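Each remark here refers to the structure printed beneath this line.
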Amino acid sequence: MNTAVPLPSPLSLISQVLRLQEEPFALLQSSPQGLRTALIIVLLAGLSEALAQSVVLFANRVKPHRFAGSLALSAGFYTAGFALFAFSVWLFAGYLFDRQQAFRDVLKAIGLGYAPYLFSFFILTPYWGNGIAVALSLWSLLAILVAIRVTLELSLWQALLCSALGWLLLQVLRRTLGRPVIWSARWLRSRIAGVPLVTDHKGLNELLKDSPWDKN
């Protein structure tokens with residue numbers, strides 16, 4: 001019988017994850033607030049990434065009352081992508097290594113491993129944005145590997161294999177069965193934004209050149 005263990009403060013929990021410690025992932029499994037905590041972290045990470053990409057909304061001159069809705073939608077899609085990735089890892093861990101852990105537990109662990117993405121808004125930093133994006137991806141990958149090792153009791157190479165196969169499966173789905181979903185998502189983004197969104201680099205540069213604040 002598992003005994004519920006109180007979680008440390010959110011800042012302490014995130015700090016431990018960022019230092020790639022194993023303890024927070026073990027604590028999360030025995031806490032009744034574990035799943036909620038993990039999902040909140042993923043949702044906030046999605047909002048942070050949406051803020052980093054908000055230049056698209058500014059360039060397209062999305063009205064303020066639609067701006068928040070666009071950010072919320074992006075965070076929602078981000079969370080859905082996380083859930084699919086967690087499901088893929090859980091699927092491969094069970095199929096390849098006979099790990100029969102509950103999917104809920106894998107959601108908790110991988111969700112907590114998304115903590116480094118809370119800093120995604122720093123991607124907006126001039127000159128350093130791409131480097132920060134790469135660093136956050138690697139940092140989160142390491143945290144997720146710790147999460148999988150602790151939760152599913154796998155070796156490092158087994159955790160890495162499950163993560164790689166999970167990521168690969170997502171890429172295949174996006175380019176095949178997921179295409180109608182992606183098209184629908186783009187349509188929904190434009191509907192919420194209130195304007196057809198220009199997202200390619202050339203188009204964005206043209207919009208920024210024509211922006212009111214660029215005409216002095």
Sorted by Cβ neighbour density within 10 Å, fewest at the top, the residues Ile132, Ile41: Ile132, Ile41
Backbone HN-Hα couplings from phi across region 126-138 [Karplus 6.51/-1.76/1.60, Hz, Gly and Pro as x]: x, 6, 9, x, 5, x, 5, 4, 5, 4, 5, 5, 5
Least to most buried among Val146, Val17 (fewest other Cβ within 10 Å first): Val146, Val17
Ranking of Arg99, Arg104, Arg175 by count of other Cβ atoms within 10 Å, fewest first: Arg175, Arg104, Arg99
³J(HN,Hα) computed for each position of region 46-51 - Karplus, 6.51 cos²θ - 1.76 cosθ + 1.60, integer Hz, glycine/proline x: x, 5, 4, 5, 5, 5
Separation in nanometres of the label points that stand 7 Å from Cα toward Cβ, at Leu141 and Glu153: 2.8 nm
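Can you give the extra length, in nm with one decimal, that the chain gains between Arg174 and Ser9 once fully stretched, where that is 0.36 nm per residue apart less the Cα-Cα distance?
Numbers: separation 165, 0.36 × 165 = 59.40 nm, distance 3.68 nm.
So the chain would gain 55.7 nm between Arg174 and Ser9.
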Derived scalar couplings ³J(HN,Hα) [region 9-15; Karplus, 6.51 cos²θ - 1.76 cosθ + 1.60; whole Hz; x for Gly, Pro]: 4, x, 5, 5, 4, 5, 4
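Read the figures in this text as sums done on the coordinates, not as results from a lab. If you're wondering where the values come from, they're calculated on a predicted model, not measured in any experiment. Because the Cβ atoms are built from the backbone with ideal geometry, glycine has one as well, and the counts that use them run over all protein chains shown.
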